[in-house]
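The values are calculated or read from the model by the stated rules, or taken from the named source; none is laboratory data. These numbers come from a predicted model, not from an experiment. Quick reminder, even Gly has a Cβ in these numbers, built from the backbone with ideal geometry, and neighbours come from all protein chains shown. When the accessible area is computed, the model is the full protein with side chains, heavy atoms only, and any ligands, DNA or RNA have been set aside. Shrake-Rupley method; radii C 1.70, N 1.55, O 1.52, S 1.80 Å.
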Amino acid sequence: MTLQHTLTALAMLAASASVKSQTAVFNHFTYQGNDARFAQVIDTTRQFFNPIIAGFAPDPSICRKGDTYYMVNSTFTLFPGVPLYTSKNLREWTLVGHVLNRESQLPLRGQHVSGGIYAPAISYNKRNDTFYMITTNVGKGNFYVKSSNPEQGWSEPVYLKGMGGIDPSFFFDKDGKGYIVHNDAPDGGPRYEGERSIWIRQFNVKGDSLVGAAKEILRSGTHVQKNPIWIEGPHLYRIGKYYYLMCAEGGTGAWHSEVILRAKNPMGPWEEFTGGNPILTQRSGLDPMRPHPVSSTGHADLVQTPKGNWWAVFLGCRPYEDDWYNTGRDTYMLPVTWKDGWPTILPQGEVLPTVVDAAREYAPSPRIQENLLTGNFGYTDNFQGDKLNMRWYFLREPAPFYQLADDGLHISPMSTNARGRKAFSALFCKQQHTSFSASTTLNFVPQSAQDMAGVLLFQNEDYQIVLGKTMLRNRVAVVLQRVEKTSVNIASAFLSPQDAAAPLQLKVEGKGRYYDFYYAVGKGNWQLLAQGVDALNLSTNRAGGFIGALIGLYATRQAVEKR
């Protein structure tokens with residue numbers, strides 16, 4: 001092709017794409033998990049996989065009304081917030097919506113990715129037939145919402161003025177009295193780094209208000225070890241003749257655990273389970289070469305079945321090496337055993353099992369195939385209908401940058417990008433497997449080096465990988481950028497003028513720490529853009545914070561500076 005022909009082709013391309021260039025169209029999104037952990041045959045009518053919710057589902061809390069169980073998780077700065085799952089048998093779980101689905105309930109503007117919603121706790125009060133979800137919005141304060149029908153919607157937030165700290169949880173006693181337990185600084189301040197306390201407040205159920213002063217009921221934590229740290233995530237229960245206070249301890253990393261105490265009164269004094277704490281941990285005494293390890297287990301909650309049996313939900317992580325994991329913290333579940341008036345979730349020194357026998361009181365039944373929460377599932381989203389699938393999230397706040405159409409998801413690029421704390425034009429789902437593939441077909445014509453659209457692998461503002469279509473040295477190109485505080489182009493491929501406006505297929509294949517990246521023009525064959533790219537920057541422990549890696553469909557008119 002002569003220079004004149006090339007210039008003419010580019011001029012025609014620019015003219016025909018003048019409207020299209022303002023919009024990135026994603027015809028589909030396809031995801032497939034392929035973890036060795038789930039590559040085994042189980043009897044799904046009688047068994048379930050751990051985790052029960054794979055990929056970025058931390059801080060689970062659970063309750064039951066009648067024959068239905070309800071469970072929620074932390075979402076930090078994702079919108080909508082606090083996914084609501086239901087189950088009839090503790091084996092099959094269904095995502096039915098989100099507790100916080102209105103901006104008035106969930107102000108997140110300007111917060112760091114790992115700010116926002118911490119440790120939501122869901123409770124059911126039989127006395128007034130009302131559900132409560134209480135949590136911390138780091139940028140706003142502690143609050144709760146109420147509902148008589150959790151699947152139909154929740155109230156506006158009620159903020160608890162004067163109550164500091166994090167991780168509040170309701171307890172409603174048999175006499176109708178209400179209490180809130182939460183984490184806060186010790187009375188008089190901490191004596192050492194990581195020293196925290198558990199406090200209790202009385203709650204007026206009829207008046208929806210706090211009553212009286214707070215009382216410190218547990219300082220530092222349990223004394224299984226010297227100077228225990230980060231006592232948090234408290235839950236209060238009344239079981240038999242005792243009240244039980246169960247808390248996470250040791251921090252959210254590899255030393256995480258769950259501990260328990262009991263008392264004859266919710267105000268204490270509290271007796272420690274000295275012979276059994278921690279009642280859940282994977283921090284020591286295990287073979288480091290065990291298959292499919294789980295680490296950091298803790299932050300648990302308990303629920304009783306109609307026949308009186310107890311189960312626990314809790315978080316854990318699936319490292320691919322050392323303590324590195326990109327999937328964040330998952331939700332796990334185990335039966336609880338009782339001895340001499342004390343519960344144990346997992347005896348110390350035992351490995352957390354991958355396959356668990358379901359609750360015996362529930363008859364075997366076929367698993368619902370469309371529940372894409374655990375196992376090696378896959379799905380394709382063609383973005384049909386009038387609303388997004390519940391798997392998709394905004395970051396911080398919804399913005400009117402997208403539209404669903406017959407040909408897929410349309411994203412109008414905003415003049416912001418993923419490096420700041422302002423709203424930007426991306427929709428996210430969760431990376432739920434250590435080994436996975438994710439692909440899409442993109443129609444987009446960049447007009448400058450500032451225009452970019454494609455797939456964004458996101459951990460926080462400073463740790464990302466972007467596979468996109470943009471202009472590079474005045475030519476349309478596929479570019480791969482790795483962001484670890486600074487942005488670096490690690491691979492690129494120029495597209496010919498004939499191919500520049502054609503549909504572009506993009507694919508990511510993750511294999512633990514290392515990811516491969518591909519592209520294809522039109523219906524052509526996949527071409528390898530980069531192999532074995534180090535994705536450690538997408539791990540929680542490298543990037544910091546509390547979330548798991550997100551997979552975004554992304555468009556911007558302010559592409560990150562390329563170095």
Report summary line: Across the stretch 205-242, the tally of residues that are outside any strand (DSSP E or B), under 22 Å from Ile134 (Cβ atoms) and open to solvent by 10 Å² or more (accessible area, probe 1.4 Å) stands at 5
**Report entry** Criterion violated by Val478 - all others in (1) among the hydrophobic types (A, V, I, L, M, F, W, C); (2) open to solvent by less than 30 Å² (accessible area, probe 1.4 Å); (3) part of a loop (DSSP other than H, G, I, E, B) satisfied
**Finding:** (3)
Report task. Within the stretch 428-449, identify whether any single residue is in contact with a Pro (Cβ under 8 Å, 6 or more places away or on another chain) and under 30 Å from Pro107 (Cβ atoms), and answer yes or no. Result -> no
Query raised in the report: If only one of Arg318, Arg283, Arg290 is open to solvent by less than 20 Å² (accessible area, probe 1.4 Å) and basic (Lys, Arg), which one is it?
Result: Arg318
Report task. List the strands (runs of 3 or more DSSP E) that sit entirely inside the stretch 51-169 and contain at least 2 residues that are closer than 28 Å to Val356 by Cβ and basic (Lys, Arg). Result -> 61-65
Query raised in the report: What single numbered condition from (1) within 22 Å of the chain's Cα centre (by Cα); (2) surrounded by 15 or more Cβ atoms within 10 Å (Cβ to Cβ); (3) of a type outside the set (Gly, Ala, Ser) fails to hold for Tyr379?
Result: (2)
Requested in this report: Only strands (runs of 3 or more DSSP E) wholly contained in the stretch 373-456 count here; list those with 1 or more residues that are touching an Asp or Glu at 6+ places or on another chain (Cβ under 7 Å).
Outcome: 402-405, 435-443
Report task. Please go through the stretch 439-469 and pick out each residue that is in contact with a Ser or Thr (Cβ under 7 Å, 6 or more places away or on another chain), under 27 Å from Ala54 (Cβ atoms) and either modelled with pLDDT under 95 or aliphatic (A, V, I, L, M) (or both). Result -> Val455
Query - Complete set of residues in the stretch 122-162 that are closer than 18 Å to His235 by Cβ and open to solvent by 30 Å² or more (accessible area, probe 1.4 Å) - result: Tyr124, Lys126
Report summary line: Considering residues that are buried (at least 16 other Cβ atoms within 10 Å of the Cβ) and closer than 23 Å to Lys485 by Cα, the number found within the stretch 513-528 is 4
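Residues are listed down the side, and each one gets a yes or a no for (1) free of Cβ contacts under 8 Å to residues at least 60 places away in the same chain; (2) open to solvent by 40 Å² or more (accessible area, probe 1.4 Å); (3) closer than 17 Å to Asn142 by Cα:
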site	(1), (2), (3)
Gly81	yes, no, yes
Thr94	no, yes, no
Asn101	yes, yes, no
Leu108	no, no, yes
Gly115	yes, no, yes
Query raised in the report: Quick one: which of Asn326, Asn382 is out of contact with any strand residue (DSSP E or B) (no Cβ under 7 Å at 6 or more places or on another chain) and touching a residue at least 60 places away in the same chain (Cβ under 8 Å)?
Result: Asn326
Requested in this report: Output the residues belonging to the stretch 23-60 that are β-branched (Val, Ile, Thr) and either free of Cβ contacts under 8 Å to residues at least 12 places away in the same chain or open to solvent by less than 20 Å² (accessible area, probe 1.4 Å) (or both).
Outcome: Val25, Val41, Ile52, Ile53
Report task. Considering each residue of the stretch 511-534, count those that are within 17 Å of Gly468 (Cα to Cα) and in a strand (DSSP E or B), and give that number. Result -> 13
Query raised in the report: Which condition number does Gly253 fail, the rest of (1) open to solvent by 10 Å² or more (accessible area, probe 1.4 Å); (2) in contact with a Pro (Cβ under 9 Å, 6 or more places away or on another chain); (3) touching a residue at least 40 places away in the same chain (Cβ under 8 Å) being met?
Result: (2)
Report task. State whether the residues of the stretch 482-490 include one that is open to solvent by less than 10 Å² (accessible area, probe 1.4 Å), of a type outside the set (D, E, K, R) and either at pLDDT 95 or above or under 18 Å from Phe26 (Cα atoms) (or both). Result -> yes
Report task. Among the strands (runs of 3 or more DSSP E) lying completely within the stretch 243-356, list those that include at least 2 residues that are farther than 30 Å from Leu372 by Cβ and touching a Gly at 6+ places or on another chain (Cβ under 8 Å). Result -> 257-263, 342-344
Query raised in the report: Which one of the conditions (1) at pLDDT 95 or above; (2) part of a loop (DSSP other than H, G, I, E, B); (3) open to solvent by 50 Å² or more (accessible area, probe 1.4 Å); (4) under 25 Å from Ala300 (Cα atoms) does Pro186 fail to meet, given that it meets all the rest?
Result: (3)
Query - Single residue of the stretch 491-511 satisfying the filter (closer than 17 Å to Ile551 by Cα and crowded, with 17+ Cβ neighbours inside 10 Å) that is farthest from the chain's Cα centre (by Cα) - result: Gln505
